[in-house]
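A.B. asks: One structure is given below, represented as structure tokens, and several questions about it will come after.
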Amino acid sequence: MELSPEEYGAYWRASVYVAAGIVLGFLGYRLTSPLLSHPNAGAVGLGVFLFVTVVFASTFIAMLGFARAVRTAVDAELRN
């Protein structure tokens, strides 16, 4: 599979999206872990809400990257 420079750039952008999703998920976990271990029920509820929101956002960003990588690979294969 031969890739054009634009396709290489698309792969790099896709990898940045995947890495950003992973980093956002990790930082979200580190941010919300003190709230999840707090004895107050309100803090735990806020921690659960923030954790679910961050996991959803990070998964969405990572899947955008995977989708872009797959789309670029399919386009490159169909072009040849």
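Rule-based calculations on the coordinates, nothing more; no lab input. Computed from a predicted model, the values in this text were never measured in an experiment. Virtual Cβ from ideal backbone geometry, glycine too; neighbours counted across all protein chains shown.
A.B. asks: Mind listing whichever residues of segment 24-80 are part of a loop (DSSP other than H, G, I, E, B) and farther than 25 Å from Ser4 by Cα? Can you show your working first?
C.D. replies: Narrowing segment 24-80 to residues part of a loop (DSSP other than H, G, I, E, B): 37-40, 80.
Ser37, His38, Pro39, Asn40, listed by residue number.
A.B. asks: A further question on this structure: Among the numbered criteria (1) free of Cβ contacts under 8 Å to residues at least 40 places away in the same chain; (2) buried (at least 16 other Cβ atoms within 10 Å of the Cβ); (3) of a type outside the set (Ser, Thr, Tyr), which one does Ala73 miss?
C.D. replies: (1)
A.B. asks: Give segment 1-15 a look and list any residue that's surrounded by fewer than 13 Cβ atoms within 10 Å (Cβ to Cβ), of a type in the set (A, V, I, L, M, F, W, C) and in a helix (DSSP H, G or I), or say none.
C.D. replies: The one that is surrounded by fewer than 13 Cβ atoms within 10 Å (Cβ to Cβ), of a type in the set (A, V, I, L, M, F, W, C) and in a helix (DSSP H, G or I): Trp12.
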